[in-house]
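Worksheet for the structure shown next.
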Amino acid sequence: MKLSEHKDLKKEILALPVKEKDKLLLRLVAKDKVLTEHLHFLLLEDESNLNDRVAFIKNEVTEVLEELNTTPKTSAKDTLLLLRKLAKQINHFYKVTKADFEEVELKLLMFNLAPMSFRYKVYSLSKNHEQLLANYVVKAILMLLRKFEKLHEDLQFDLKEELNALLAKVYGSYISKTALDLGLPKQVD
């Protein structure tokens, strides 16, 4: 049931005494971990906490992907699993902080560090992991481009070099065919 569909309910909730509203609000917030974290961030944290969160995720992304890049038998399947895990962490960060620039920055870092060529293939009867990775990466970059375009032009300027490096990396790898098919630009001006 959506509150917007029940105008009378909304009026009645607004008419509740403050003490009753506070109790209901606290019960609702306690049921949603992300909302609780978001409120904690909004009400109790400041810019330095945001910087700490960003630094922690940057460190994690760098460590995990550098280790993956140095592993001799890195496969598309391993890369896809790790990228999904790291993207989930970045998405959670965004849900809590609503920091657009930092989300784009972290995802650019992640994809720029991710391997895009593999010596070994994992054979599976049901899946072509290299194609799955190619689709995932290109679609994620397309979504990232949409968020990038919504940023202020000064913030775009700060990230443009990293974004163009990522696009060059994609078009220099086996993913280029998928990128062309899905309409990924070769460069951002």
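The values are calculated or read from the model by the stated rules, or taken from the named source; none is laboratory data. It should be emphasised that the depicted structure is a prediction, and the values quoted were computed from it without experimental measurement. Cβ coordinates were reconstructed from backbone atoms using ideal geometry, including for glycine residues, and neighbour counts include every protein chain displayed. Note: accessible area is taken over every heavy atom of the protein model, side chains too, but ligands, DNA and RNA are not part of it. Shrake-Rupley method; radii C 1.70, N 1.55, O 1.52, S 1.80 Å.
For residue 85, state whether it is at pLDDT 95 or above, within 30 Å of residue 131 (Cβ to Cβ) and open to solvent by 80 Å² or more (accessible area, probe 1.4 Å).
Values: at pLDDT 95 or above: yes; within 30 Å of residue 131 (Cβ to Cβ): yes; open to solvent by 80 Å² or more (accessible area, probe 1.4 Å): yes.
Yes; evaluated as a whole, the condition is true for this residue.
In the set (1) of a type outside the set (Phe, Trp, Tyr); (2) open to solvent by 50 Å² or more (accessible area, probe 1.4 Å); (3) in a helix (DSSP H, G or I); (4) modelled with pLDDT under 95, residue 92 fails one condition alone, (4).
Per the listing 65, 80, the residue uniquely out of contact with any His (no Cβ under 8 Å at 6 or more places or on another chain) and modelled with pLDDT of 90 or more is 65. Of all residues assigned to region 8-30, none qualifies as being in contact with a helix residue (DSSP H, G or I) (Cβ under 9 Å, 6 or more places away or on another chain), crowded, with 17+ Cβ neighbours inside 10 Å and at negative phi. Among the residues of region 63-82, those identified as open to solvent by less than 80 Å² (accessible area, probe 1.4 Å) and hydroxyl-bearing (Ser, Thr, Tyr) are 71, 74, 75, 79.
Restricting attention to region 32-57 and to residues that are of a type in the set (Val, Ile, Thr) and surrounded by 13 or more Cβ atoms within 10 Å (Cβ to Cβ), the residue that is nearest to residue 103 (Cα to Cα) turns out to be 54. When every residue of region 126-139 is checked against the conditions, at least one turns out to be out of contact with any Pro (no Cβ under 9 Å at 6 or more places or on another chain), in contact (Cβ under 8 Å) with a residue 24 or more places away in the chain and among the polar types (S, T, N, Q). Screening the candidates 132, 163, 145 for the property of being modelled with pLDDT under 95 and open to solvent by less than 70 Å² (accessible area, probe 1.4 Å) yields one hit, 132.
The listed residues are 102, 60, and the only one of them that is under 20 Å from residue 34 (Cβ atoms) and open to solvent by less than 40 Å² (accessible area, probe 1.4 Å) turns out to be 102.
Taking the conditions (1) in a helix (DSSP H, G or I); (2) closer than 19 Å to residue 113 by Cα in turn, residue 186 satisfies each one other than (1).
Which one of 169, 139 is in a helix (DSSP H, G or I), closer than 16 Å to residue 83 by Cβ, basic (Lys, Arg) and open to solvent by 90 Å² or more (accessible area, probe 1.4 Å)? Break it down into steps so the answer makes sense when it comes.
Numbers: 169 fails: open to solvent by 90 Å² or more (accessible area, probe 1.4 Å).
That would be 139, the only listed residue that is in a helix (DSSP H, G or I), closer than 16 Å to residue 83 by Cβ, basic (Lys, Arg) and open to solvent by 90 Å² or more (accessible area, probe 1.4 Å).
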